[in-house]
Amino acid sequence: MKLFTPLYDLCLRWAKHPNADKYLAGLSFSESVIFPIPPDVMLAPMALAKPEKAWWYAFICTVASVLGGMAGYLLGYLAFDTLILPLIETLNYQEKLATATLWFEEYGVWIVFIAGFSPIPYKIFTISAGLLGMLFIPFVIVSFIGRGCRFFLVAGLMYWGGAKMETKLRQYVEILGWAVIILAVIAYLYVS
């Protein structure tokens with residue numbers, strides 16, 4: 001069953017849309033707060049479709065993602081008891097929160113960098129950073145570095161890979177898509 005090839009083609013069409021930059025920013029912002037799909041799935045095909053704008057797209061992802069991270073931080077800081085905790089209890093995510101808290105105590109600000117760069121859900125750590133009262137300025141700086149490294153790496157791979165990368169990506173998009181889902185499930189099971 002081909003699931004990811006049609007999504008990939010859709011992202012390539014979105015890349016040509018006049019509002020592509022806004023869609024990418026909206027996805028990047030919301031993924032840092034609540035949305036489960038990472039902006040890489042839109043960034044990569046957009047950078048392939050318009051390689052001259054790859055760095056601009058990475059910049060949009062970075063800024064919008066960090067702004068979303070700041071919103072997540074504020075939710076954790078200002079509305080945890082009234083808004084976030086009931087949601088965590090409803091979804092039975094108390095253990096995930098406990099794990100994130102433990103990682104914050106053990107790794108400090110570096111866990112934000114790791115979450116920003118890796119496929120670990122960044123939103124968990126933005127909200128946890130606010131809940132735990134992490135210093136805001138270091139949170140923002142490390143978020144910019146982690147998210148920027150990730151998005152500029154993706155854009156760079158697409159830019160330098162060009163048509164060859166597009167051919168390879170199209171050839172392996174199903175394998176890559178399922179591999180990401182499997183890794184996300186493994187990470188989810190590990191964290192829980």
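Does at least one position in region 83-105 carry a residue that is of a type in the set (Phe, Trp, Tyr) and farther than 25 Å from residue 185 by Cα? No, region 83-105 contains no residue that is of a type in the set (Phe, Trp, Tyr) and farther than 25 Å from residue 185 by Cα.
Region 83-192 holds helices (runs of 4 or more DSSP H) entirely within its bounds, and those carrying 2 or more residues that are surrounded by fewer than 17 Cβ atoms within 10 Å (Cβ to Cβ) map to 85-91, 94-107, 110-117, 136-191.
Counting the residues of region 101-151 that are over 16 Å from residue 70 (Cα atoms) and in contact (Cβ under 8 Å) with a residue 60 or more places away in the chain gives 4. Of 86, 51, 6, 18, all but one fail to be in contact with a Gly (Cβ under 7 Å, 6 or more places away or on another chain), over 16 Å from residue 116 (Cα atoms) and of a type outside the set (A, V, I, L, M); the exception is 51. If you go through region 9-59 and keep only what is of a type in the set (A, V, I, L, M), at pLDDT 90 or above and either surrounded by fewer than 19 Cβ atoms within 10 Å (Cβ to Cβ) or out of contact with any Phe, Trp or Tyr (no Cβ under 9 Å at 6 or more places or on another chain) (or both), you end up with just 25.
Scanning region 1-40 for residues that are closer than 16 Å to residue 154 by Cβ and of a type in the set (Val, Ile, Thr) gives a single hit, 37. Within region 60-83, being more than 18 Å from residue 141 (Cβ to Cβ) and at pLDDT 95 or above holds for one residue alone: 60.
The values are calculated or read from the model by the stated rules, or taken from the named source; none is laboratory data. Only a predicted model underlies this, so the values are computations on that prediction, with no experimental measurement involved. Cβ coordinates were reconstructed from backbone atoms using ideal geometry, including for glycine residues, and neighbour counts include every protein chain displayed.
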